1. Mind checking whether some residue in region 111-123 is loosely packed, with under 15 Cβ neighbours inside 10 Å, free of Cβ contacts under 8 Å to residues at least 12 places away in the same chain and either in contact with a strand residue (DSSP E or B) (Cβ under 9 Å, 6 or more places away or on another chain) or not assigned by TED's automatic domain parsing to the domain that holds L165 (or both)?
2. Run down R190, R168, R179 and say which single residue is among the basic types (K, R) and farther than 21 Å from A20 by Cβ.
3. Which ranges mark the helices (runs of 4 or more DSSP H) fully within region 1-96 that have 3 or more residues being within 15 Å of the ligand (Cβ to nearest atom) and aliphatic (A, V, I, L, M)?
4. Do we find that G159 is in the same structural domain as D199 (by TED's automatic domain parsing), in a loop (DSSP other than H, G, I, E, B) and of a type outside the set (F, W, Y) in this structure?
Amino acid sequence: TRVGVMISGRGSNLQALLDAAARPDYPAEIALVLSNVAGVQGLARAKAAGVPTAVVPHRDFADRESFEREVTARLEAAGCTLVAQAGFMRVVTPWFVAHWRDRLINIHPSLLPAFPGLHTHERALQAGVRLHGCTVHFVRDEVDQGPIIGQAAVPVLPGDHPDDLSARVLTAEHLLYPRCLTLVAAGRTRIEAERVIHDAGAA
Ligand code: GRF
């Protein structure tokens, strides 16, 4: 499966996917890394891995959908049939979600449905939860919703600051995302009544 990864920044999750995809038995090939921001670290990571990159600055477009049509054209030109958002910081429109329906996944740094949106680590500390974590899910119209493919939990420890928690969650993200991408790329998930069914043999 040819996968396009959409990023906006640092790209540490992208790096985890690149590392996984470098293994010969991995069921996905990263065919394109697309960023809406030029010059970000994730683009350098892709280049270092020998993966083609594209920069599509959203500001060059009159509206979200025309931006997304260009993104889609680039992804399709690269032969991508599956798209993974990894720190992609733009909300996508219903048009994009419909076009890539059930072929578009995202990682979010909380145990959804808790804490959709931004600043999840601060909010988790504020709420006093004892477990926090990350979620990989199919993208739907509502931000940070959609059928859940996998989750990983980490403890919230006494004295944690948002940066501590963020680092602990990020380590979990780097394990979770390649695992979830494997399941989707290998066709080992299906969606029934907006819930993900993991086929026999899947983790
Ligand atoms: C991650 O925490 C991801 O879950 C969130 O944004 C962050 C991106 O980090 N959506 P990176 O660019 O993958 O390093």
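The values are calculated or read from the model by the stated rules, or taken from the named source; none is laboratory data. As the structure is a prediction and not an experimental result, all values here were calculated from the model. Cβ placement follows ideal geometry from the backbone for every residue including glycine, while neighbour counts extend to all protein chains displayed.
1. No; the residues of region 111-123 include none that is loosely packed, with under 15 Cβ neighbours inside 10 Å, free of Cβ contacts under 8 Å to residues at least 12 places away in the same chain and either in contact with a strand residue (DSSP E or B) (Cβ under 9 Å, 6 or more places away or on another chain) or not assigned by TED's automatic domain parsing to the domain that holds L165 (or both).
2. Going through R190, R168, R179 in turn, just one is among the basic types (K, R) and farther than 21 Å from A20 by Cβ: R190.
3. Per the criteria, 12-21, 41-48.
4. The answer is yes for G159.
Condition check ((1) surrounded by 15 or more Cβ atoms within 10 Å (Cβ to Cβ); (2) at pLDDT 95 or above; (3) in contact with a helix residue (DSSP H, G or I) (Cβ under 8 Å, 6 or more places away or on another chain)) across all residues:
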| position | (1), (2), (3) |
| --- | --- |
| R2 | yes, yes, no |
| G11 | yes, yes, yes |
| L32 | yes, yes, yes |
| R45 | yes, yes, yes |
| V56 | yes, yes, yes |
| D63 | no, yes, no |
| E68 | yes, yes, yes |
| G79 | no, yes, no |
| L82 | yes, yes, yes |
